[in-house]
Amino acid sequence: GLPAYKTTFHELGHLIDHWMKSRLLYQSRYFKNGAFGDSLKNEAAEYVNDVLKKLKADAVATGRSAHSVKKADAYAAVSKEILGLANNQQYDISDIFDGATISKARGRYGHKTAYWKSGDYLPLESFAEMFSATINNPESLAQITKYFPKSYKIFEEMIDDFVKGAVTP
């Protein structure tokens with residue numbers, strides 16, 4: 001199952017993200033000119049591309065054409081990998097991959113595709129997922145730092161800057 005108060009800490013993460021910037025804007029969207037959202041998208045794309053390369057190599061090794069493997073196969077493989085994790089491990093990265101790939105790779109948890117297409121919600125949701133995992137779900141945090149290490153460092157930097165007073169509400 002999921003940790004106690006998972007949703008509470010997630011929503012509290014949204015509140016803190018919102019409050020850190022100006023009470024009108026979300027810090028996760030604007031920190032260092034959008035570095036957090038860019039990093040999340042880049043890390044997800046890099047991971048999917050690495051999986052695609054491996055699938056193509058596996059195809060060639062078994063006598064098939066590398067061209068027989070499509071990007072959709074890589075998205076499906078990443079989704080299967082996420083789904084293979086325990087719920088408490090996949091909850092947050094499922095949502096992050098869901099947003100970063102516009103629902104092409106995800107586990108059991110996420111948002112509707114229309115949500116991701118309707119605005120820049122990836123940094124907001126990812127901030128809340130990382131906040132919640134940091135406080136209350138070490139198993140999920142281990143997956144976040146495995147798949148999104150650079151993005152998690154930016155998350156920590158946002159929190160550190162806020163705590164140090166570099167970002168004032």
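The values are calculated or read from the model by the stated rules, or taken from the named source; none is laboratory data. Note that the coordinates shown come from a computational prediction; the quantities given were computed from them, not determined experimentally. All Cβ positions, glycine included, derive from the backbone under ideal geometry; neighbour counts span all protein chains shown.
On the stretch given as segment 135-162, residues that are closer than 22 Å to Tyr47 by Cα, of a type outside the set (Gly, Ala, Ser) and either touching a helix residue (DSSP H, G or I) at 6+ places or on another chain (Cβ under 6 Å) or not in a helix (DSSP H, G or I) (or both) total 11.
When you scan segment 101-121, do you find a residue that is part of a loop (DSSP other than H, G, I, E, B) and among the aromatic types (Phe, Trp, Tyr), even just one? Yes: one or more hits. In summary, Glu125 fulfils each of the numbered conditions (1) closer than 22 Å to Glu46 by Cβ; (2) assigned to a loop (DSSP other than H, G, I, E, B); (3) modelled with pLDDT under 95 with the single exception of condition (2).
Table: residues versus (1) in contact with a helix residue (DSSP H, G or I) (Cβ under 8 Å, 6 or more places away or on another chain); (2) under 19 Å from Pro149 (Cα atoms).
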{"position": "His10", "(1), (2)": "yes, no"}
{"position": "Met20", "(1), (2)": "yes, no"}
{"position": "Ser28", "(1), (2)": "yes, yes"}
{"position": "Lys32", "(1), (2)": "yes, yes"}
{"position": "Asn49", "(1), (2)": "yes, yes"}
{"position": "Ala59", "(1), (2)": "yes, no"}
{"position": "Gly63", "(1), (2)": "no, no"}
{"position": "Ser68", "(1), (2)": "yes, no"}
{"position": "Ala76", "(1), (2)": "no, no"}
